[in-house]
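Here's the structure we're looking at; comments come further down.
The numbers here are math on the coordinates, done by the rules we state, and not lab data. As the structure is a computational prediction, the values presented were derived from the model and not from experiment. Don't worry about glycine lacking a Cβ; one is built from the backbone with ideal geometry, like all the others, and counts go over all protein chains shown.
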Amino acid sequence: MNDVSKNQPNKGRKLSRRHLLGGMAATAAAVLLKQSSGQVIQAGLAKDSLLLQDPTKVLGPLPSQLGDRSPFEQPVRKPSDTSSRTPLQDLYGTITPSDLHFERHHGGIPAIDPHKYELLIHGMVERPTVFTLADLKRFPSFSRIFFLECSGNFRSGKEQLTPQDICGLTSQSEWTGVMLATLFREVGIHPKASWFLAEGSDAAVMTRSIPVSKGMEDGMIAFAQNGEALRPAQGYPARLVLPGWEGNTNVKWIRRIEVSDQPFMTREETSKYTEQVGDKVRQFSFVMDARSVITFPTFPAVVHKGWIEIRGIAWSGRGKIARVEVSTDAGKSWQPAQLQEPVLDKAHTAFRYLWQWDGKATEIMSRAVDDTGYTQPTLEQLKEARGANMGGYHVNSIISWQIKGDGSVLLRPENIR
Ligand SMILES: Nc1nc2c(c(=O)[nH]1)N[C@H]1C(S)=C(S)[C@@H](COP(=O)(O)O)O[C@H]1N2
Ligand SMILES: [Mo]
């Protein structure tokens, strides 16, 4: 568990024999309680009574078709109407469990029959083709680990925010699918083709114009995620994956690709949805810049004097993370953090830094440097580069945490928009 302040339900509780017996009865009842779905109800009662049972004396639940989390582990996404956020502070390593992958959709999650699914590729191609899902799966497939991040992935404004609240619109999966280059060759893409339209089949009919060069480089039509078919929220049965590019370009439930020699000026590329950068509208924004976030210690953790392992993740849409630096004195000095191997291209990379806290109030922060030499900026640097009126997308500035004298940890809200 990442968070030292998290409940330790059994701590300080006196266990009488009467409690133990009552607990066992309740446990048996809880284990037998089945929902219509067949899942054991994992309510507070079951959790408490599980703690009271002697596991060597009680026969536990038998094998089942689907696994469950321990009732003591309850990581959850925080959903709104249009998105949900990954609980970064509750996770380990770098792969996001699929049921905790963030979601962002503009028209809900469509239900698509995989047997009726079709992907049309047409336009500047020699052989316009409709691919079924089975067709897509017949091509050589690749599995690669990439992060995905929404360009609107930031939040601030108060001290009581968790990493999930601030930047939970990023997750990481192993994606499996067919390379777009393979499909483009299959349909005979015109040598002068430079853009393609990617269109989703949800109620929003999401469309984006994408340079063919990116598609040829590492674009993928993914049909699987973390070893199983895509989740409906992630684009079942197939989505576009453009490694390192903003989430929005990774069109889900993809049904059509039209190839052209110019961009299509979709809704996302006209004024309402494009980024305002200073006085200019940045019509196309693609790459996600390097970023890092500490995931421990963060609000609502409470820390104690002595050794603290500062942990977090860093990523860059431009390449690999070259290094992460941590400051424990409010940005005056920076020390290199250790990176967890393997450090993958365009992927969340875990970092850690062992810190001996002297018990005095301070601020801690991290900054990522990628292998192009790009360094994660402060908010001031970002504003300087983009102008004060920089808009709300691609805000990747350094996030700073206040460590109070009493060990409580709070976001420093003015450090991030
Ligand atoms: N068809 C379709 N594709 C879509 C969207 C959508 O609403 N419809 N949302 C986009 C946005 S803004 C983001 S950030 C990512 C989110 O992907 P996820 O829900 O798998 O995390 O999907 C993108 N692809
Ligand atoms: Mo997004």
- Residue ranges of strands (runs of 3 or more DSSP E) in the stretch 290-399 with at least 1 members farther than 18 Å from residue 163 by Cβ and polar (S, T, N, Q): 349-357, 362-370
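Among the residues of the stretch 59-90, which ones are part of a loop (DSSP other than H, G, I, E, B) and of a type in the set (D, E, K, R)?
68, 69, 73, 77, 81
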- Task: State the number of residues belonging to the stretch 237-260 that are more than 10 Å from ligand 1 (Cβ to nearest atom) and of a type in the set (Phe, Trp, Tyr).
- Result: 1
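Is it the case that residue 176 is surrounded by fewer than 22 Cβ atoms within 10 Å (Cβ to Cβ), under 30 Å from residue 371 (Cα atoms) and either hydroxyl-bearing (Ser, Thr, Tyr) or touching a strand residue (DSSP E or B) at 6+ places or on another chain (Cβ under 8 Å) (or both)? First the steps, then the outcome.
Values: surrounded by fewer than 22 Cβ atoms within 10 Å (Cβ to Cβ): yes; under 30 Å from residue 371 (Cα atoms): yes; either hydroxyl-bearing (Ser, Thr, Tyr) or touching a strand residue (DSSP E or B) at 6+ places or on another chain (Cβ under 8 Å) (or both): yes.
For residue 176, the condition - surrounded by fewer than 22 Cβ atoms within 10 Å (Cβ to Cβ), under 30 Å from residue 371 (Cα atoms) and either hydroxyl-bearing (Ser, Thr, Tyr) or touching a strand residue (DSSP E or B) at 6+ places or on another chain (Cβ under 8 Å) (or both) - is met.
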- Item | Residue in the stretch 97-155 that is nearest to the chain's Cα centre (by Cα), counting only those that are polar (S, T, N, Q) and within 16 Å of ligand 2 (Cβ to nearest atom) | 153
- Looking only at residues in the stretch 215-245 that are in contact with a Phe, Trp or Tyr (Cβ under 6 Å, 6 or more places away or on another chain) and within 23 Å of residue 81 (Cβ to Cβ), which one is nearest to ligand 2 (Cβ to nearest atom)? 235
- Task: Taking only the stretch 126-151 into account, find how many residues are within 16 Å of ligand 1 (Cβ to nearest atom) and surrounded by fewer than 18 Cβ atoms within 10 Å (Cβ to Cβ).
- Result: 0
- Being over 16 Å from residue 251 (Cα atoms) and either touching a residue at least 60 places away in the same chain (Cβ under 8 Å) or of a type in the set (Val, Ile, Thr) (or both) narrows 187, 205 down to just 187
- Task: Give the number of residues within the stretch 44-77 that are touching a Ser or Thr at 6+ places or on another chain (Cβ under 6 Å) and in contact (Cβ under 8 Å) with a residue 60 or more places away in the chain.
- Result: 1
- Query: Taking the stretch 91-128 only, how many residues are outside any loop (DSSP other than H, G, I, E, B) and at positive phi?
  - Reply: 1
- Task: Take the residues in the stretch 183-212 that are in contact with an Asp or Glu (Cβ under 9 Å, 6 or more places away or on another chain) and farther than 20 Å from residue 128 by Cα, then tell me which one is surrounded by the most Cβ atoms within 10 Å (Cβ to Cβ).
- Result: 206
- Item | Criterion violated by residue 215 - all others in (1) in contact (Cβ under 8 Å) with a residue 40 or more places away in the chain; (2) surrounded by 23 or more Cβ atoms within 10 Å (Cβ to Cβ); (3) not charged (D, E, K, R) satisfied | (1)
